[in-house]
Amino acid sequence: MANITSNSWARFLSKENSPQKAKLLKSESYDENGQLVLRNQCVTFAVKSGNFGGPRNGTKVISCEPKPNRNPDVSLSQKTSIDQAALYRLSGDRNPLHIDPSFAAVSGYDRPILHGLCTLGFSARFVKPVYPGQTLRVDMWREGNRIHFETVAVETSTVVISVNIPEFLVLINNNCH
């Protein structure tokens, strides 16, 4: 089993002083032998502020591989509680978009949305907002050492999170399907 060391780094791929309001951050982690075990990209931006000054898909973005064209090998569902946004607020989230119906309306939503980081435990790329009380289903497709994850809001059949296919360096129990 590979041990991930603290030999990790992160840097902005978009220039700090550029006019772009969206920033692309790349990080990599290595095991004790210097072998790459994790690569991550994250984009940060202000919702609905627009006019980022750059292309929608930058040249340094690593594209996600498409999910397999078949039914998922595994699907899991878990309903979020109607008060989950209020509970998540206890973690320090003071953004009114997640608790105040009038602020959510001004932001273009019909009600407060569930915080993206609250939903992160289900998958990894935020595609659409999740509303408190919705049921989340995680679909998974296994392709050799890789698994593609996608989270769907069951009530609207909307993909809310999509994940690139991670490649597992160490296969866990081959009986997992």
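The values are calculated or read from the model by the stated rules, or taken from the named source; none is laboratory data. Treat the numbers as computed from the prediction; the structure is a model and nothing was measured. Note that we place each Cβ from the backbone using ideal geometry, even for glycine, and neighbour counts take in every protein chain shown.
Out of the range 73-93, which residues are part of a loop (DSSP other than H, G, I, E, B) and more than 19 Å from the chain's Cα centre (by Cα)?
So in the range 73-93, the residues part of a loop (DSSP other than H, G, I, E, B) come out as 73, 80-83, 90-93.
Within the range 73-93, Asp73, Ser81, Ile82, Asp83, Leu90, Gly92 qualify.
The conditions are (1) surrounded by fewer than 18 Cβ atoms within 10 Å (Cβ to Cβ); (2) modelled with pLDDT of 85 or more; (3) within 10 Å of the chain's Cα centre (by Cα), and Gly121 fails exactly one of them. Which is it?
(2)
Looking only at the range 93-113, decide whether some residue is modelled with pLDDT under 85, of a type in the set (D, E, K, R) and over 18 Å from Val163 (Cβ atoms).
Within the range 93-113, one or more residues are modelled with pLDDT under 85, of a type in the set (D, E, K, R) and over 18 Å from Val163 (Cβ atoms).
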